[in-house]
Amino acid sequence: MTNMFKRSLVALAIAGASTGAMAADVSLTDTTYATDEFMSTMEQILSKNIVLTLNDEYKEGDYIYLRLEDGAYIDGAPDQLTVGFGEQFDEGDFAGNGVIPAAAGSYNDDADAEDVNKGITLDFVAETADDAGNTVLIYRVTNIFGDENTNSNDTTYGINLDFGRFNFDAPVVVAQNGVMFDTFSRLDDQPWPTNTNPWPFDTVSAPMTDNTQLFKMGPQFYLDVEEEFEGELDVWDFRRTFRTPGASHGNQDTSSSSLFWVRTTDNPDTGTLADDNAGEWDFVVQVDSDVEEQIEFTLSGDNMFGWIDSANPAGLEAVFSGNSCAYISHTASVLNFRCASVDVPTGLLFDLVATMDSAQNPKQDGEFTISANVNWTHTTTQYTDGGATDNVNFPEDGVLLESPAYGETSLSGLYAGEWTVNGSVTHIPYMPYSAQSEAGEIVPISQIIYVTNNSRDPGFDDAVVGGPNDFDGPAPENNNVDRIIWVEVMEENGDTTTFELDALANPGVTAIAGEIRSALFNAGMLDRTRFLSLTVNVADYPTNVSIYSAYNVNGSDRGWVQNDSVRTDMDLYRNNDIID
(Lines give C-alpha, C1' and ligand atoms only; values in the text may rest on other atoms or scores of the structure.)
Protein backbone atom coordinates (compact mmCIF):
# COMPACT_ATOMS: atom_id res chain seq x y z
CA MET A 1 0.00 0.00 0.00
CA THR A 2 1.29 3.42 -0.86
CA ASN A 3 1.87 5.49 2.24
CA MET A 4 -0.07 8.73 2.12
CA PHE A 5 2.92 10.42 3.68
CA LYS A 6 5.17 9.53 0.80
CA ARG A 7 5.22 13.17 -0.05
CA SER A 8 1.64 13.41 -1.27
CA LEU A 9 -1.55 13.44 0.78
CA VAL A 10 -4.46 12.82 -1.50
CA ALA A 11 -6.96 10.24 -0.32
CA LEU A 12 -7.71 11.54 3.13
CA ALA A 13 -8.40 15.17 2.28
CA ILE A 14 -12.07 14.31 1.77
CA ALA A 15 -14.04 17.12 0.21
CA GLY A 16 -16.91 18.46 2.25
CA ALA A 17 -17.77 21.87 3.61
CA SER A 18 -18.98 22.28 7.17
CA THR A 19 -19.26 25.13 9.63
CA GLY A 20 -17.05 25.00 12.66
CA ALA A 21 -14.44 22.59 11.25
CA MET A 22 -11.59 22.39 13.73
CA ALA A 23 -7.93 22.71 12.88
CA ALA A 24 -4.51 23.16 14.42
CA ASP A 25 -1.24 24.60 13.16
CA VAL A 26 2.09 22.81 13.62
CA SER A 27 4.39 25.61 12.49
CA LEU A 28 5.92 25.94 15.98
CA THR A 29 7.28 22.41 15.78
CA ASP A 30 10.91 22.66 14.72
CA THR A 31 12.78 20.20 12.53
CA THR A 32 15.72 18.25 13.93
CA TYR A 33 18.72 18.43 11.60
CA ALA A 34 21.12 15.50 11.87
CA THR A 35 23.81 14.48 9.41
CA ASP A 36 23.79 11.11 7.68
CA GLU A 37 26.93 10.19 9.58
CA PHE A 38 25.31 10.99 12.91
CA MET A 39 22.12 9.09 12.12
CA SER A 40 24.07 6.00 11.06
CA THR A 41 25.27 5.62 14.67
CA MET A 42 21.87 6.01 16.36
CA GLU A 43 19.41 3.37 17.55
CA GLN A 44 16.84 5.87 18.82
CA ILE A 45 16.55 9.63 18.52
CA LEU A 46 14.26 12.28 19.99
CA SER A 47 12.47 14.89 17.95
CA LYS A 48 12.21 18.46 19.05
CA ASN A 49 9.07 19.44 20.94
CA ILE A 50 5.81 18.65 19.15
CA VAL A 51 3.81 21.87 19.41
CA LEU A 52 0.31 22.51 18.04
CA THR A 53 -1.43 25.89 17.91
CA LEU A 54 -5.21 25.55 18.12
CA ASN A 55 -7.02 27.50 15.43
CA ASP A 56 -10.60 26.90 16.48
CA GLU A 57 -12.90 26.85 19.48
CA TYR A 58 -12.73 23.44 21.14
CA LYS A 59 -15.12 22.00 23.70
CA GLU A 60 -15.02 19.05 26.06
CA GLY A 61 -15.26 15.73 24.27
CA ASP A 62 -13.57 16.87 21.04
CA TYR A 63 -10.67 14.80 19.71
CA ILE A 64 -7.19 15.85 18.56
CA TYR A 65 -5.13 13.36 16.56
CA LEU A 66 -1.40 13.33 15.86
CA ARG A 67 -0.34 11.22 12.90
CA LEU A 68 3.33 10.19 12.49
CA GLU A 69 4.78 8.67 9.36
CA ASP A 70 5.29 4.97 8.79
CA GLY A 71 5.63 3.50 12.25
CA ALA A 72 8.92 5.18 13.20
CA TYR A 73 7.41 6.40 16.50
CA ILE A 74 8.47 4.51 19.65
CA ASP A 75 7.17 6.47 22.66
CA GLY A 76 7.13 9.83 24.41
CA ALA A 77 3.53 11.00 24.11
CA PRO A 78 2.35 12.37 27.50
CA ASP A 79 -0.62 10.77 29.27
CA GLN A 80 -2.11 14.17 30.00
CA LEU A 81 -1.51 17.75 28.92
CA THR A 82 -2.93 20.84 30.64
CA VAL A 83 -2.64 24.53 29.82
CA GLY A 84 -3.83 26.76 32.66
CA PHE A 85 -6.39 29.51 32.32
CA GLY A 86 -4.62 32.72 31.32
CA GLU A 87 -1.27 30.97 31.28
CA GLN A 88 -0.34 31.86 27.69
CA PHE A 89 -2.16 35.15 27.05
CA ASP A 90 -4.23 37.23 29.48
CA GLU A 91 -4.48 40.83 28.38
CA GLY A 92 -6.67 41.80 31.33
CA ASP A 93 -5.05 39.70 34.07
CA PHE A 94 -8.28 37.77 34.63
CA ALA A 95 -6.40 34.73 35.93
CA GLY A 96 -4.19 36.74 38.24
CA ASN A 97 -1.05 35.81 36.35
CA GLY A 98 -0.26 39.33 35.29
CA VAL A 99 -0.90 40.89 31.92
CA ILE A 100 0.28 38.51 29.15
CA PRO A 101 -0.41 39.96 25.69
CA ALA A 102 -1.45 37.74 22.82
CA ALA A 103 1.10 37.24 20.08
CA ALA A 104 1.20 40.27 17.81
CA GLY A 105 -0.88 39.69 14.70
CA SER A 106 -2.59 36.60 16.08
CA TYR A 107 -6.31 35.89 16.08
CA ASN A 108 -6.48 37.05 19.70
CA ASP A 109 -4.65 40.31 19.11
CA ASP A 110 -7.83 42.38 18.71
CA ALA A 111 -9.23 45.51 20.23
CA ASP A 112 -12.86 44.65 20.95
CA ALA A 113 -12.21 43.02 24.30
CA GLU A 114 -9.41 41.66 26.43
CA ASP A 115 -8.24 38.21 25.39
CA VAL A 116 -7.47 35.37 27.77
CA ASN A 117 -6.79 31.74 26.95
CA LYS A 118 -9.15 29.18 28.36
CA GLY A 119 -7.75 26.41 30.45
CA ILE A 120 -7.69 23.09 28.61
CA THR A 121 -6.82 19.51 29.53
CA LEU A 122 -6.19 16.70 27.05
CA ASP A 123 -6.03 13.03 28.03
CA PHE A 124 -4.27 10.38 25.99
CA VAL A 125 -6.81 7.85 24.73
CA ALA A 126 -4.99 5.36 22.51
CA GLU A 127 -2.27 4.67 19.97
CA THR A 128 -3.39 3.10 16.72
CA ALA A 129 -2.50 3.07 13.03
CA ASP A 130 -4.24 4.15 9.87
CA ASP A 131 -4.62 1.98 6.77
CA ALA A 132 -1.24 3.10 5.47
CA GLY A 133 0.63 2.02 8.60
CA ASN A 134 1.15 5.49 10.03
CA THR A 135 1.00 5.86 13.80
CA VAL A 136 -2.00 7.83 15.11
CA LEU A 137 -2.00 9.17 18.67
CA ILE A 138 -5.50 10.01 19.95
CA TYR A 139 -6.17 12.72 22.53
CA ARG A 140 -9.52 13.81 23.94
CA VAL A 141 -10.37 17.21 25.40
CA THR A 142 -11.54 16.33 28.91
CA ASN A 143 -11.73 19.75 30.54
CA ILE A 144 -12.26 23.33 29.40
CA PHE A 145 -12.21 25.98 32.10
CA GLY A 146 -12.27 29.80 32.21
CA ASP A 147 -13.69 32.81 34.06
CA GLU A 148 -16.88 33.28 32.00
CA ASN A 149 -16.37 37.02 32.41
CA THR A 150 -18.27 38.98 29.82
CA ASN A 151 -15.48 41.57 29.71
CA SER A 152 -13.02 39.05 28.30
CA ASN A 153 -12.74 36.91 25.21
CA ASP A 154 -11.76 33.64 26.81
CA THR A 155 -10.99 31.24 23.99
CA THR A 156 -9.08 28.18 22.88
CA TYR A 157 -7.95 30.02 19.76
CA GLY A 158 -4.20 30.52 19.85
CA ILE A 159 -3.43 28.03 22.64
CA ASN A 160 -0.10 26.26 22.14
CA LEU A 161 -0.15 22.59 23.11
CA ASP A 162 3.40 21.36 23.80
CA PHE A 163 3.48 17.55 23.77
CA GLY A 164 7.24 17.43 24.41
CA ARG A 165 9.79 15.34 22.54
CA PHE A 166 8.88 12.03 20.94
CA ASN A 167 11.24 9.08 20.62
CA PHE A 168 11.77 7.50 17.18
CA ASP A 169 13.48 4.46 15.69
CA ALA A 170 16.56 6.02 14.05
CA PRO A 171 17.13 3.36 11.32
CA VAL A 172 13.47 3.69 10.28
CA VAL A 173 13.82 7.48 10.19
CA VAL A 174 16.82 7.08 7.91
CA ALA A 175 15.12 4.49 5.69
CA GLN A 176 12.11 6.71 5.02
CA ASN A 177 14.17 9.92 4.89
CA GLY A 178 12.56 11.57 7.88
CA VAL A 179 9.21 11.58 9.67
CA MET A 180 6.46 13.83 8.42
CA PHE A 181 3.40 14.34 10.56
CA ASP A 182 0.06 16.06 10.60
CA THR A 183 -2.78 16.74 12.99
CA PHE A 184 -6.54 16.65 12.58
CA SER A 185 -9.53 17.06 14.85
CA ARG A 186 -13.02 15.63 15.23
CA LEU A 187 -16.12 16.70 17.10
CA ASP A 188 -17.04 14.59 20.10
CA ASP A 189 -19.82 12.75 18.24
CA GLN A 190 -17.84 12.14 15.05
CA PRO A 191 -14.61 10.44 16.10
CA TRP A 192 -12.12 9.03 13.63
CA PRO A 193 -12.05 6.51 12.02
CA THR A 194 -15.70 5.50 12.38
CA ASN A 195 -16.80 8.75 10.81
CA THR A 196 -14.79 10.54 8.16
CA ASN A 197 -17.64 12.31 6.41
CA PRO A 198 -18.64 15.12 6.23
CA TRP A 199 -15.66 16.20 8.31
CA PRO A 200 -12.37 16.30 6.43
CA PHE A 201 -9.01 15.64 7.97
CA ASP A 202 -7.93 19.09 9.07
CA THR A 203 -4.33 18.92 7.91
CA VAL A 204 -1.91 21.80 7.87
CA SER A 205 -1.42 21.54 4.14
CA ALA A 206 -2.50 19.26 1.35
CA PRO A 207 -0.52 17.76 -0.22
CA MET A 208 1.84 17.17 2.69
CA THR A 209 5.09 19.15 2.50
CA ASP A 210 8.41 19.25 4.29
CA ASN A 211 7.03 22.00 6.50
CA THR A 212 5.78 19.17 8.70
CA GLN A 213 9.04 17.19 8.64
CA LEU A 214 10.40 16.24 12.06
CA PHE A 215 13.84 15.15 10.78
CA LYS A 216 15.99 16.27 7.89
CA MET A 217 19.32 14.72 7.03
CA GLY A 218 22.16 15.00 4.57
CA PRO A 219 25.90 14.38 4.15
CA GLN A 220 28.11 16.14 6.69
CA PHE A 221 31.25 16.73 4.62
CA TYR A 222 32.23 18.00 1.19
CA LEU A 223 35.45 18.85 -0.62
CA ASP A 224 36.16 22.38 -1.78
CA VAL A 225 39.14 23.44 -3.91
CA GLU A 226 39.61 27.16 -3.30
CA GLU A 227 42.84 27.56 -5.29
CA GLU A 228 43.84 25.22 -8.11
CA PHE A 229 47.32 24.14 -9.08
CA GLU A 230 48.53 25.89 -12.20
CA GLY A 231 51.77 26.25 -14.10
CA GLU A 232 53.14 26.08 -17.62
CA LEU A 233 56.06 23.71 -17.96
CA ASP A 234 58.84 25.21 -20.03
CA VAL A 235 60.51 22.98 -22.63
CA TRP A 236 63.38 25.46 -22.84
CA ASP A 237 64.26 24.32 -19.32
CA PHE A 238 63.60 20.69 -20.27
CA ARG A 239 60.20 20.71 -18.51
CA ARG A 240 61.85 21.18 -15.15
CA THR A 241 60.26 24.53 -14.15
CA PHE A 242 57.37 26.78 -15.11
CA ARG A 243 57.65 29.66 -17.50
CA THR A 244 56.58 32.96 -15.96
CA PRO A 245 53.44 34.10 -17.84
CA GLY A 246 54.37 36.65 -20.48
CA ALA A 247 58.11 36.23 -19.96
CA SER A 248 60.77 35.05 -22.37
CA HIS A 249 62.24 31.60 -21.96
CA GLY A 250 64.77 31.84 -19.19
CA ASN A 251 62.37 33.41 -16.66
CA GLN A 252 61.12 30.51 -14.55
CA ASP A 253 58.68 29.96 -11.73
CA THR A 254 59.74 27.18 -9.44
CA SER A 255 56.57 26.47 -7.44
CA SER A 256 52.88 25.75 -7.80
CA SER A 257 50.33 25.73 -4.98
CA SER A 258 46.75 24.83 -4.16
CA LEU A 259 44.35 25.53 -1.28
CA PHE A 260 41.53 23.15 -0.43
CA TRP A 261 39.18 22.22 2.39
CA VAL A 262 37.02 19.47 3.77
CA ARG A 263 34.06 21.56 4.86
CA THR A 264 30.96 20.89 6.92
CA THR A 265 27.77 21.17 4.93
CA ASP A 266 24.79 23.29 5.94
CA ASN A 267 21.46 21.69 6.72
CA PRO A 268 18.98 21.20 3.84
CA ASP A 269 16.98 24.32 4.68
CA THR A 270 19.93 26.68 4.36
CA GLY A 271 19.02 29.42 1.93
CA THR A 272 15.31 29.06 2.58
CA LEU A 273 13.88 32.54 3.03
CA ALA A 274 12.48 33.35 6.47
CA ASP A 275 13.42 29.92 7.80
CA ASP A 276 14.68 30.15 11.37
CA ASN A 277 16.09 26.62 11.08
CA ALA A 278 18.44 27.38 8.19
CA GLY A 279 22.14 27.01 8.83
CA GLU A 280 23.99 24.63 11.07
CA TRP A 281 23.19 21.05 11.95
CA ASP A 282 21.79 20.11 15.34
CA PHE A 283 23.80 16.90 15.50
CA VAL A 284 27.10 16.00 13.83
CA VAL A 285 29.98 13.58 14.30
CA GLN A 286 33.55 14.61 15.02
CA VAL A 287 36.79 13.94 13.15
CA ASP A 288 38.70 11.14 14.83
CA SER A 289 41.40 12.74 16.96
CA ASP A 290 43.73 9.75 16.57
CA VAL A 291 46.70 11.09 14.60
CA GLU A 292 46.77 7.85 12.61
CA GLU A 293 43.20 8.46 11.41
CA GLN A 294 41.84 12.01 10.96
CA ILE A 295 41.38 13.11 7.30
CA GLU A 296 43.35 11.22 4.65
CA PHE A 297 43.79 13.12 1.40
CA THR A 298 44.83 11.60 -1.92
CA LEU A 299 46.17 13.86 -4.67
CA SER A 300 46.25 12.00 -7.99
CA GLY A 301 47.67 12.70 -11.43
CA ASP A 302 49.18 10.46 -14.09
CA ASN A 303 52.96 10.57 -13.43
CA MET A 304 52.55 14.02 -11.86
CA PHE A 305 54.89 13.15 -8.96
CA GLY A 306 57.50 11.10 -10.81
CA TRP A 307 59.94 14.02 -10.61
CA ILE A 308 60.08 13.88 -6.81
CA ASP A 309 63.43 12.52 -5.69
CA SER A 310 62.96 12.52 -1.90
CA ALA A 311 61.70 9.42 -0.14
CA ASN A 312 59.72 11.78 2.12
CA PRO A 313 59.07 15.06 0.29
CA ALA A 314 57.24 16.76 3.18
CA GLY A 315 58.84 20.15 3.73
CA LEU A 316 60.96 19.75 0.59
CA GLU A 317 59.19 19.11 -2.71
CA ALA A 318 55.75 19.06 -0.99
CA VAL A 319 55.23 21.83 1.55
CA PHE A 320 52.04 21.72 3.64
CA SER A 321 50.58 24.76 5.37
CA GLY A 322 47.77 24.87 7.90
CA ASN A 323 45.68 22.07 9.38
CA SER A 324 48.57 20.07 10.92
CA CYS A 325 49.17 17.96 7.81
CA ALA A 326 51.62 15.09 7.60
CA TYR A 327 52.98 13.11 4.65
CA ILE A 328 51.99 9.42 4.38
CA SER A 329 53.33 8.06 1.09
CA HIS A 330 53.63 8.69 -2.62
CA THR A 331 54.12 7.01 -5.98
CA ALA A 332 54.67 8.58 -9.38
CA SER A 333 50.91 9.14 -9.70
CA VAL A 334 49.57 9.40 -6.13
CA LEU A 335 50.48 11.54 -3.11
CA ASN A 336 48.86 10.61 0.22
CA PHE A 337 48.84 12.83 3.29
CA ARG A 338 46.83 13.30 6.46
CA CYS A 339 45.38 16.47 8.03
CA ALA A 340 43.71 17.13 11.36
CA SER A 341 40.45 19.02 10.98
CA VAL A 342 37.46 19.95 8.86
CA ASP A 343 36.64 23.59 8.12
CA VAL A 344 40.34 24.48 8.18
CA PRO A 345 42.11 25.48 4.93
CA THR A 346 44.87 23.16 3.77
CA GLY A 347 47.66 24.45 1.60
CA LEU A 348 50.03 22.37 -0.52
CA LEU A 349 52.94 23.88 -2.45
CA PHE A 350 55.19 21.95 -4.81
CA ASP A 351 58.77 23.23 -4.88
CA LEU A 352 60.23 21.98 -8.17
CA VAL A 353 63.83 22.76 -7.19
CA ALA A 354 63.90 21.69 -3.55
CA THR A 355 66.65 19.11 -4.16
CA MET A 356 69.23 18.90 -6.94
CA ASP A 357 67.86 15.73 -8.48
CA SER A 358 64.24 16.85 -8.27
CA ALA A 359 65.24 20.11 -9.92
CA GLN A 360 66.82 18.23 -12.81
CA ASN A 361 63.95 15.81 -13.33
CA PRO A 362 61.43 16.80 -16.03
CA LYS A 363 57.85 17.25 -14.86
CA GLN A 364 54.72 15.78 -16.39
CA ASP A 365 51.93 18.00 -17.70
CA GLY A 366 48.40 16.95 -16.79
CA GLU A 367 45.52 17.34 -14.36
CA PHE A 368 45.36 16.92 -10.59
CA THR A 369 42.44 15.30 -8.75
CA ILE A 370 41.99 15.42 -4.98
CA SER A 371 39.87 13.09 -2.88
CA ALA A 372 39.55 12.56 0.86
CA ASN A 373 38.52 10.00 3.44
CA VAL A 374 37.20 11.49 6.68
CA ASN A 375 37.60 9.18 9.68
CA TRP A 376 35.13 10.19 12.37
CA THR A 377 33.93 9.19 15.78
CA HIS A 378 30.78 9.72 17.81
CA THR A 379 30.14 9.45 21.53
CA THR A 380 27.33 10.68 23.74
CA THR A 381 29.51 13.55 24.96
CA GLN A 382 29.86 14.67 21.37
CA TYR A 383 26.40 14.34 19.92
CA THR A 384 24.49 15.94 22.77
CA ASP A 385 25.94 19.37 22.18
CA GLY A 386 27.64 18.99 18.81
CA GLY A 387 30.97 18.26 20.46
CA ALA A 388 31.31 21.83 21.68
CA THR A 389 31.80 20.93 25.35
CA ASP A 390 33.71 18.05 26.87
CA ASN A 391 31.89 15.70 29.24
CA VAL A 392 28.44 17.09 28.46
CA ASN A 393 25.88 14.32 28.35
CA PHE A 394 22.14 14.61 27.81
CA PRO A 395 21.13 11.01 27.14
CA GLU A 396 17.52 11.95 26.44
CA ASP A 397 18.64 13.09 22.97
CA GLY A 398 18.82 9.49 21.84
CA VAL A 399 20.49 6.13 22.14
CA LEU A 400 23.65 5.17 20.26
CA LEU A 401 24.03 1.76 18.70
CA GLU A 402 27.42 1.70 20.40
CA SER A 403 29.62 4.28 22.07
CA PRO A 404 32.09 5.25 20.90
CA ALA A 405 31.01 4.70 17.31
CA TYR A 406 33.48 4.95 14.45
CA GLY A 407 32.98 5.47 10.75
CA GLU A 408 34.41 7.02 7.63
CA THR A 409 33.11 9.19 4.82
CA SER A 410 34.72 9.01 1.39
CA LEU A 411 34.68 12.17 -0.70
CA SER A 412 35.19 11.43 -4.38
CA GLY A 413 37.78 13.08 -6.57
CA LEU A 414 37.53 16.77 -7.40
CA TYR A 415 39.45 18.62 -10.09
CA ALA A 416 42.34 20.46 -8.42
CA GLY A 417 44.05 22.18 -11.35
CA GLU A 418 46.61 21.27 -13.98
CA TRP A 419 50.09 21.85 -15.28
CA THR A 420 50.20 22.70 -18.97
CA VAL A 421 53.26 22.68 -21.20
CA ASN A 422 54.73 24.67 -24.06
CA GLY A 423 56.67 23.00 -26.84
CA SER A 424 58.60 22.97 -30.06
CA VAL A 425 56.74 24.07 -33.18
CA THR A 426 57.00 22.74 -36.72
CA HIS A 427 55.02 24.33 -39.56
CA ILE A 428 54.02 22.11 -42.51
CA PRO A 429 52.81 24.75 -44.96
CA TYR A 430 50.93 22.44 -47.34
CA MET A 431 49.34 18.98 -47.08
CA PRO A 432 46.69 17.66 -49.53
CA TYR A 433 43.81 15.41 -48.36
CA SER A 434 41.34 13.41 -50.48
CA ALA A 435 37.64 13.42 -49.66
CA GLN A 436 36.65 10.53 -47.40
CA SER A 437 33.14 9.12 -46.96
CA GLU A 438 33.71 6.48 -44.26
CA ALA A 439 36.23 5.63 -41.55
CA GLY A 440 39.19 3.59 -42.77
CA GLU A 441 38.42 4.24 -46.44
CA ILE A 442 41.39 3.92 -48.83
CA VAL A 443 41.67 7.19 -50.72
CA PRO A 444 43.96 8.36 -53.55
CA ILE A 445 46.09 10.71 -51.46
CA SER A 446 47.75 9.49 -48.26
CA GLN A 447 50.04 11.37 -45.91
CA ILE A 448 53.40 10.50 -44.35
CA ILE A 449 54.28 12.41 -41.17
CA TYR A 450 56.83 11.24 -38.60
CA VAL A 451 57.99 12.82 -35.34
CA THR A 452 61.55 11.95 -34.31
CA ASN A 453 62.74 12.59 -30.76
CA ASN A 454 66.51 12.08 -30.43
CA SER A 455 66.30 12.11 -26.60
CA ARG A 456 69.15 14.48 -26.02
CA ASP A 457 70.32 14.21 -22.40
CA PRO A 458 69.18 17.43 -20.69
CA GLY A 459 71.73 17.05 -17.95
CA PHE A 460 75.01 17.88 -19.61
CA ASP A 461 74.78 21.60 -20.23
CA ASP A 462 71.66 23.07 -18.66
CA ALA A 463 71.50 25.45 -15.80
CA VAL A 464 70.81 24.83 -12.18
CA VAL A 465 67.77 26.99 -11.43
CA GLY A 466 68.85 30.42 -10.32
CA GLY A 467 72.33 30.14 -11.78
CA PRO A 468 73.89 31.08 -15.11
CA ASN A 469 73.66 28.89 -18.17
CA ASP A 470 77.29 27.89 -18.07
CA PHE A 471 77.74 24.78 -15.93
CA ASP A 472 76.48 21.26 -15.83
CA GLY A 473 73.80 19.91 -13.56
CA PRO A 474 73.26 16.27 -12.71
CA ALA A 475 71.50 14.07 -15.26
CA PRO A 476 67.81 13.52 -14.48
CA GLU A 477 67.03 10.59 -12.22
CA ASN A 478 63.56 10.33 -13.78
CA ASN A 479 63.20 11.28 -17.40
CA ASN A 480 59.97 9.32 -17.75
CA VAL A 481 57.50 11.98 -18.89
CA ASP A 482 55.06 11.82 -21.78
CA ARG A 483 55.78 14.27 -24.59
CA ILE A 484 52.31 15.12 -25.87
CA ILE A 485 51.64 16.17 -29.47
CA TRP A 486 48.99 18.63 -30.56
CA VAL A 487 48.33 19.67 -34.13
CA GLU A 488 46.79 22.93 -35.31
CA VAL A 489 45.07 22.61 -38.68
CA MET A 490 44.50 25.68 -40.85
CA GLU A 491 41.99 25.46 -43.71
CA GLU A 492 42.09 27.30 -47.02
CA ASN A 493 39.94 30.12 -45.61
CA GLY A 494 42.16 30.57 -42.53
CA ASP A 495 39.94 28.78 -40.00
CA THR A 496 41.93 26.76 -37.45
CA THR A 497 41.17 23.65 -35.39
CA THR A 498 43.45 22.02 -32.80
CA PHE A 499 43.63 18.30 -32.03
CA GLU A 500 45.58 16.65 -29.20
CA LEU A 501 46.81 13.26 -30.38
CA ASP A 502 46.90 10.03 -28.46
CA ALA A 503 50.36 9.40 -29.88
CA LEU A 504 53.31 10.63 -27.80
CA ALA A 505 56.61 11.97 -29.06
CA ASN A 506 58.68 9.95 -26.62
CA PRO A 507 62.26 9.02 -27.64
CA GLY A 508 62.27 7.35 -31.04
CA VAL A 509 60.22 7.72 -34.22
CA THR A 510 56.44 8.13 -34.07
CA ALA A 511 54.01 8.05 -37.04
CA ILE A 512 51.15 10.51 -36.66
CA ALA A 513 49.64 10.88 -40.17
CA GLY A 514 46.90 8.26 -39.62
CA GLU A 515 45.72 9.75 -36.35
CA ILE A 516 45.64 13.24 -37.85
CA ARG A 517 43.55 11.99 -40.77
CA SER A 518 41.11 10.20 -38.41
CA ALA A 519 40.72 13.37 -36.35
CA LEU A 520 39.97 15.39 -39.49
CA PHE A 521 37.41 12.83 -40.67
CA ASN A 522 35.68 12.67 -37.27
CA ALA A 523 35.50 16.47 -37.26
CA GLY A 524 33.75 16.46 -40.65
CA MET A 525 36.64 18.20 -42.39
CA LEU A 526 37.16 15.62 -45.17
CA ASP A 527 33.83 16.10 -46.93
CA ARG A 528 35.79 17.18 -50.01
CA THR A 529 39.38 17.41 -51.23
CA ARG A 530 41.31 19.68 -48.91
CA PHE A 531 44.59 21.56 -48.95
CA LEU A 532 45.56 22.17 -45.36
CA SER A 533 48.42 23.65 -43.37
CA LEU A 534 49.55 21.76 -40.26
CA THR A 535 51.43 23.06 -37.23
CA VAL A 536 52.85 20.19 -35.17
CA ASN A 537 53.61 21.01 -31.54
CA VAL A 538 55.68 18.65 -29.40
CA ALA A 539 56.18 19.11 -25.66
CA ASP A 540 59.94 18.71 -25.67
CA TYR A 541 63.10 20.72 -26.09
CA PRO A 542 63.07 22.03 -29.69
CA THR A 543 66.44 20.63 -30.77
CA ASN A 544 65.32 17.17 -29.67
CA VAL A 545 62.50 17.14 -32.22
CA SER A 546 62.44 16.87 -36.02
CA ILE A 547 59.48 16.32 -38.32
CA TYR A 548 59.37 14.49 -41.67
CA SER A 549 56.40 15.34 -43.92
CA ALA A 550 55.31 14.01 -47.33
CA TYR A 551 52.28 12.69 -49.21
CA ASN A 552 51.60 9.87 -51.62
CA VAL A 553 49.31 9.85 -54.68
CA ASN A 554 47.88 6.46 -55.73
CA GLY A 555 50.62 4.62 -53.87
CA SER A 556 53.48 5.59 -56.18
CA ASP A 557 53.97 9.32 -56.56
CA ARG A 558 55.51 10.63 -53.36
CA GLY A 559 55.68 14.35 -52.80
CA TRP A 560 58.05 15.60 -50.12
CA VAL A 561 56.89 18.69 -48.24
CA GLN A 562 59.47 20.99 -46.77
CA ASN A 563 58.83 22.10 -43.20
CA ASP A 564 60.75 24.20 -40.69
CA SER A 565 61.57 21.58 -38.05
CA VAL A 566 65.15 22.84 -38.05
CA ARG A 567 63.88 25.94 -36.22
CA THR A 568 64.20 26.05 -32.45
CA ASP A 569 60.85 27.70 -32.10
CA MET A 570 58.36 27.44 -29.29
CA ASP A 571 54.57 27.52 -29.02
CA LEU A 572 52.32 27.16 -26.04
CA TYR A 573 49.49 24.72 -25.50
CA ARG A 574 46.02 25.43 -24.16
CA ASN A 575 45.34 29.07 -24.89
CA ASN A 576 48.65 30.55 -23.78
CA ASP A 577 50.80 33.12 -25.57
CA ILE A 578 53.26 32.34 -28.36
CA ILE A 579 56.97 32.98 -28.09
CA ASP A 580 59.02 33.21 -31.27
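Order 529, 31, most accessible first, counting only protein heavy atoms with a 1.4 angstrom probe.
529, 31
Given a Förster radius of 35 Å and the C-beta distance between residue 334 and residue 280 as r, what FRET efficiency does 1/(1 + (r/R0)^6) yield to the nearest 0.05?
0.50
Across every pair of different alpha-carbon atoms, what Kirkwood hydrodynamic radius in Å does segment 278-341 reach?
Across segment 278-341, the inverse of the average 1/r is 13.4 Å.
Show 317, 148 ordered by accessible area, largest first, where the area counts protein heavy atoms only and the probe is 1.4 Å.
148, 317
Roughly how many Å² is the accessible area per residue of segment 59-164, as a whole number, for a 1.4 Å probe? Spell out each step's value before the answer.
Values: 4590 Å² over 106 residues.
Ligands and nucleic acids excluded, the result is 43 Å² per residue.
For segment 277-311 and segment 315-373, what is the separation of their Cα centres, given in Å?
12
Defining a contact as two alpha carbons under 8 Å apart and six or more residues distant in sequence, what relative contact order in percent does segment 279-362 show?
In percent, rounded to a whole number, it is 33.
Rounded to the nearest 10 Å², what accessible area does residue 325 show when all protein chains are kept and the probe is 1.4 Å?
So the heavy atoms of residue 325 present about 30 Å² to solvent.
How much length, in nm to one decimal, is gained on full extension between residue 408 and residue 493, taken as 0.36 nm per residue of separation minus their Cα-Cα distance?
Details: separation 85, 0.36 × 85 = 30.60 nm, distance 5.83 nm.
Gain on stretching residue 408 to residue 493: 24.8 nm.
Could you let me know the centre-to-centre spacing of segment 29-107 and segment 108-147, using Cα atoms, in angstrom?
Between the Cα centre of segment 29-107 and that of segment 108-147, the gap is 10 Å.
Largest first, what is the accessible-area ranking of 378, 330 with a 1.4 Å probe?
Most to least solvent-accessible, the answer reads 330, 378.
Test of understanding: what is the full-extension gain from residue 349 to residue 506, defined as 0.36 nm times their sequence separation minus their Cα-Cα distance?
The span from residue 349 to residue 506 would gain 53.7 nm if fully extended.
Evaluated at 4 °C with a viscosity of 1.567 mPa s, what Stokes-Einstein diffusion coefficient in µm²/s does segment 26-157 have when Rh comes from the Kirkwood expression over alpha-carbon pairs?
On the way: Rh = 17.0 Å.
In µm²/s, the coefficient is 76.
Quick one: Cα convex hull volume of segment 52-115, Å³ per residue?
Values: hull volume 9.0 nm³, N = 64.
It is 141 Å³ per residue.
Relative to the present Cα-Cα distance, how much length would full extension add between residue 109 and residue 314 at 0.36 nm per residue of separation?
67.0 nm
The values are calculated or read from the model by the stated rules, or taken from the named source; none is laboratory data. Quick caveat: nothing in here was measured; it's all calculated off a predicted structure. Cβ sites come from the backbone with ideal geometry, for glycine too, and all protein chains shown count toward neighbours. SASA here: full protein model, heavy atoms, side chains in, ligands and nucleic acids out. Shrake-Rupley method; radii C 1.70, N 1.55, O 1.52, S 1.80 Å.
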